[in-house]
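Structure first, then comments.
The numbers here are math on the coordinates, done by the rules we state, and not lab data. Owing to the predicted nature of the structure, the values given are computational and were not obtained by experimental measurement. Heads up, the Cβs are rebuilt from the backbone with ideal geometry, glycines too, and the neighbour counts pull from every protein chain shown.
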Ligand SMILES: [Zn+2]
């Protein structure tokens, strides 16, 4: 009896430790701080995601990252699973990222996705307030750390590579490695094996030297401020039907749940950059696009602000 109670408590506390959601008021992104104190968006804290705008600093020393093993087909097998918050591809050892201003070598652990709904976009980071349909995160852990909990105590313990995903009519054949397996992980807790493939085949073929860099946090609880973010400028393109597989055919509930809930809008809200510097790589193009634009006078900015506040009251 006692053991049953102890076991039950252990199970319940385990469930509570991962109890967060995106779309219900009692557990959505604004409520995360109630259960996970480090998710509270306090002033001067380094939270993610952020909006990327023209307030960036060019850093000529930021060249392309070295993606070791990404163009090879690894041995063994990988695992794709639905954890109720995303679809995660756990990759084996053999891949790492370094260079490009990263302070160390980071071993690649997993990649996962954030998306919106059938008619809404769902990237986590935004560019000029524009949200892309999806965002992919490749999570890498500093190789000196024995495990994730140690890495989360290090302000640069993780290096996450973020890729925006945009939509075109043609299927992305390489993305098929993942999309063809999605039906096997439609429900929370489902897991399937995936044959290793070249991770590089998922990524944009060109312009990998164009990216943004800032220091931030995990975008899921416990929101640890331990992430060196690299956000690539050029998106990955997939088809409408490949996107729809995520927005309509993945569920946050288990297969035998009485009420089935689609997993949608699994992105955290935008946080201020405060005093943080957002860098653009040597080859990044965002700043050059605005180089010739004349500065507005203070008067016209005031007019725009007043007009904006008027419009927002409509
Ligand atoms: Zn993520």
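At a glance:
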read-out: Ranked by how many other beta carbons lie within 10 Å on average, peptides 235-248, 252-265 from highest; value: 235-248, 252-265
read-out: Alpha-carbon Rg with Dmax, taken over the stretch 15-285, Å; value: 17.6, 55
read-out: Relative counts (whole %) of C-alpha pair distances in the stretch 227-271, using bins that are 10 Å wide; value: 20, 35, 33, 12, 1
read-out: Antiparallel DSSP beta bridges within the stretch 15-285, percent to nearest 5; value: 75 percent
read-out: D_trans [Stokes-Einstein, Kirkwood Rh over alpha-carbon pairs] for the stretch 155-283, 4 °C, 1.567 mPa s, µm² s⁻¹; value: 76 µm²/s
read-out: Protection proxy ranking of 90-97, 74-81 - average other beta-carbon atoms within 10 Å, highest first; value: 90-97, 74-81
read-out: Tail weight of P(r) past 19 Å, computed on alpha-carbon pairs of the stretch 176-240, percent; value: 59 percent
read-out: For the stretch 96-173, the Rg and Dmax computed from alpha carbons only, in angstrom; value: 15.1, 43
